[in-house]
1. Suppose only helical runs count, i.e. DSSP H with n ≥ 4. What mean residue ellipticity at 222 nm does that imply for chain A under -39500 (n - 2.57) per run, divided by all residues and rounded to the nearest 500 deg cm²/dmol?
2. In deg cm²/dmol, rounded to 500, what helix-only [θ] at 222 nm does chain B give when every DSSP H run of at least 4 residues adds -39500 (n - 2.57) and the total is split over its residues?
3. GNM on chain B, C-alpha springs below 10 Å: top fluctuator among B:45, B:53, B:147?
4. Taking the highest mean first, how do the peptides A:384-393, A:340-349 order by number of other beta carbon atoms within 10 angstrom per residue?
5. Order of A:53-63, B:159-169 by packing, highest average Cβ count within 10 Å first?
6. Enter the mean number of other protein chain beta carbons within 10 Å of the beta carbon of each residue in A:409-421, as an integer.
7. I need to check one value: relative contact order of chain A, counting alpha carbon pairs closer than 8 Å and at least 6 residues apart, in percent.
8. Can you tally the net charge around residue A:222? Count Lys and Arg as +1, Asp and Glu as -1, for every other residue whose Cβ sits under 14 Å from the Cβ of residue A:222.
Amino acid sequence: MSVRRVVRRWGGTAGLALLILLVLQVLGEWVLAGKGIIAAPTHVIEALWDDRALYGANVPTTLETAAKGWAVGNAAAIVVAGIAQSVAWTERPALLLGLTVFSIPGVALAPVLEVTLSGNAPGSVLAGFFVFFPTLILTLLGLRQADPGALLVARAYGAGRWRTLTKVRARAALPGIVTGLSMTVPAALVGAILGEFIGASSGLGVMLIDAMYGAQVDLVWGVAAVTTALALAGYYIVRYVGRLLNPWSPPLDASATASALDLTRRDGRSRLVRIIETLASIGLILLVWWAAIPVFHLSDYVVKNPGDVVNYLVGSSGSAVLSQIGITLADAGLGFCVGIAVGWVLGVLFVVSPATGRAVLPIAFVVSSIPAIVFVPIVTLLLGRGSLSAGAIAAIVTFFPVLVNTMFGLRSASGDTLLFFRAHNASLWQTLWRLRLPIGMPAMLAAARISAPLAVLGATLAEWLATGRGLGYLIVTAFVNSNYTQMWAAAVVLTILSIVFYSVLSVVEQVVLRRLGVAGAPSSGQRAWHTVLARIGGRRERAPEETPQLGNAWFEAH
Amino acid sequence: MNLAADMDHPTAGGVVIQGLQKSYRVGGRSFEALQEISLTVASRSFTSLVGPSGCGKSTLLRILCDLEAFDGGRVEIDGCPPHLLRQRHAIGLALQDPALLPWRTVRRNISLPLELARERVSSAVVDELIALVELEHFADARPAQLSGGMRQRVAIARALISNPQLLLLDEPFGALDEMTRQRLNLELLRIWTERPTTTVLVTHSMQEAVFLADQVVVMSGRPGTILAVRSVDLPRPRTVSVLRSPEFHAICDELLEKLFSGGTRAQPVEETVG
């Protein structure tokens with residue numbers, strides 16, 4: 001690329017990045033100096049250097065915890081995807097398992113793991129939970145994208161199910177797997193750090209908590225910077241290795257995948273069968289929970305079974321948990337609405353004005369790679385310890401997947417349709433209103449649906465660390481006070497809340513699409529499915545600069 | 001109604017192209033897509049552009065509807081440059097991809113150009129066009145419920161709804177099977193006879209080009225030039241029997257001859273570019 005082209009492509013982004021750094025510098029150095037809110041970038045760098053021994057001691061711990069969870073979670077996801085692909089009846093339970101894992105808020109899981117496991121294991125398990133679903137979905141998607149012709153040839157030459165899987169499908173799935181492995185790196189870091197928040201003695205999570213409660217602004221921003229750098233580095237290393245292993249096809253673009261992998265897809269099975277399957281899956285989860293306690297010799301003082309939880313909730317002290325539902329719902333709901341609105345509006349803006357999009361997207365990508373967890377102290381420093389902070393965290397976590405999917409949806413109009421609109425001298429507004437919005441609607445709504453559990457996670461994280469109320473806070477206080485029945489009950493209620501939130505949105509989505517008459521259209525909404533799942537902490541799967549290969553899915557403007 | 005259309009589009013006019021030049025830059029090198037193209041299309045006549053892939057015929061079509069700028073020469077439609085025509089919503093366009101909006105019914109897809117032109121949508125006019133393309137029973141169906149051929153008929157009705165001064169067809173039946181294609185060509189002939197509009201069709205089927213047109217333009221690629229222009233004097237209205245007539249085959253053979261002799265000449269040029 002010539003210098004001029006580099007400048008044209010990256011000039012806006014570089015300028016914007018410099019401007020942001022400059023604003024932070026001015027705010028930290030002068031305007032808000034001494035207020036303990038914003039650390040000037042130069043101070044952060046200084047502090048990073050001064051604290052290098054501290055980072056040297058803590059970073060490896062977190063990396064190890066995250067790497068273990070990342071490896072095991074991804075391996076499990078790939079194996080489960082392989083089974084789901086080859087044994088037809090396991091597919092739905094596998095996806096339901098994935099969705100449940102995805103919907104369990106990390107805040108509910110962390111203390112539960114803390115009392116059942118020891119050492120750094122809770123962080124690793126959390127990391128594994130966070131990476132499982134995105135990779136499961138992307139691997140399945142890759143497995144399904146195998147060239148039908150190649151499959152037919154393999155079958156014609158007598159290959160059985162196993163040989164087809166190893167010789168054709170596994171190769172076809174590689175791009176999806178690489179995407180899953182790379183985009184789950186930040187999620188694994190979030191899991192590790194979240195695990196370190198309770199009970200660990202070292203690691204970035206411990207540093208972050210200490211810095212936050214000690215109001216060490218430079219350290220908070222420093223940990224945020226280091227974590228983001230680790231997340232980005234991991235993302236690009238995995239992508240690079242993936243390219244070496246799989247040079248013949250680029251990693252799957254999760255937001256551009258055409259096939260649908262929705263749990264609610266019409267697959268010819270009756271509603272009754274689907275309800276039975278769902279109930280059976282719930283029953284299975286309860287059964288495993290019940291049986292695990294005696295089988296693994298877990299202490300029934302800290303580990304409660306479903307019966308204990310139900311008894312507690314219907315009993316007199318149950319209201320302690322139930323009364324918090326409204327608060328958490330409000331926190332998550334506020335953040336969800338703001339995040340969705342901002343994501344939609346910016347998505348429209350970036351599509352209408354591609355130059356803006358080109359400049360802003362790389363920065364948005366970096367911001368989205370910041371593991372969500374490090375936003376908590378920074379937002380708390382900025383907005384205080386009220387509901388506003390909880391909403392802001394939930395909004396930040398929700399925003400990026402919505403933005404990416406909105407852009408993808410709005411851009412999914414075919415080239416010929418756009419030509420037609422231009423030939424008829426359609427205005428920007430007409431093209432947006434009559435073409436792009438209806439075509440993008442499924443993706444926009446799917447993004448909203450899949451962001452719901454993320455909003456719950458973000459809100460409860462903030463409740464725990466900052467606001468001091470709501471289910472997120474209750475779970476942690478119950479843990480600290482050794483009130484284990486309450487802790488389990490709150491965790492269960494929070495998980496149900498998250499799943500219900502998701503389900504309600506999925507119904508709303510179907511109704512709206514049917515009303516608009518968009519449902520009959522080849523749905524790009526389901527394409528969005530995969531991308532967003534990954535957003536447990538905050539990342540997306542394709543760096544903006546790589547996008548032009550995608551038939552201009554990103555920047556069709558030229 | 002037809003009378004009003006007559007007033008709007010004076011019979012003198014049609015398309016005039018003189019010395020048209022168009023080049024693209026690819027990877028720092030420029031290559032000529034169109035070189036010195038001169039052509040006239042009489043008002044309310046049907047012209048086919050035929051040639052191999054990459055000969056610039058689609059580029060020419062896009063220049064006519066102002067979707068592509070050009071580097072030199074003159075292009076006028078009824079005395080107006082293409083961009084004015086586009087701004088007046090006076091172009092009808094049907095492409096290989098019917099590009100229908102899947103959430104709209106046939107009726108509302110057809111009326112889309114009127115909405116884009118901020119004109120009142122008269123249901124009588126829409127019904128008339130639906131009848132013209134023989135989709136009366138599917139007026140409220142959505143594209144997903146239609147066959148490929150039916151979708152193209154919707155696209156053609158949509159292209160005609162605003163009484164365009166210029167109708168541009170870019171391989172409208174190119175993605176359909178041969179039999180459907182034959183049938184739709186007959187349909188197109190009938191529709192065009194009922195509503196004679198200045199029409200330019202891009203195709204790479206010589207039979208299709210000759211069968212439909214008053215004038216066939218044979219193009220050759222890299223750089224895109226015109227090898228031959230021939231008027232087709234087969235009597236109208238044409239029926240399937242034309243396809244069997246010796247005159248029809250004579251014209252096709254003559255033009256194919258020109259295409260292939262021109263094609264060999266163009267070969268070395270292609271190699272230096274590719």
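The values are calculated or read from the model by the stated rules, or taken from the named source; none is laboratory data. Values in this document were obtained by computation on a predicted structure and should not be read as measured data. Neighbour counts run over all protein chains shown; Cβ positions are idealised from the backbone, glycine included. Note: areas computed on protein heavy atoms with side chains; ligands, DNA, RNA excluded. Shrake-Rupley method; radii C 1.70, N 1.55, O 1.52, S 1.80 Å.
1. Working: 25 runs with 402 residues, N = 558.
That comes out to -24000 deg cm²/dmol.
2. It comes out at -11500 deg cm²/dmol, rounded to the nearest 500.
3. B:147
4. Peptide ranking by packing, descending: A:384-393, A:340-349.
5. Numbers: A:53-63: 16.6, B:159-169: 23.3.
Result, highest mean Cβ count within 10 Å first: B:159-169, A:53-63.
6. For peptide A:409-421, the averaged partner shielding equals 4.
7. On the way: 899 pairs, mean separation 112.5, N = 558.
Dividing the mean separation by the residue count of chain A yields 20 percent.
8. Its environment carries a net charge of -4.
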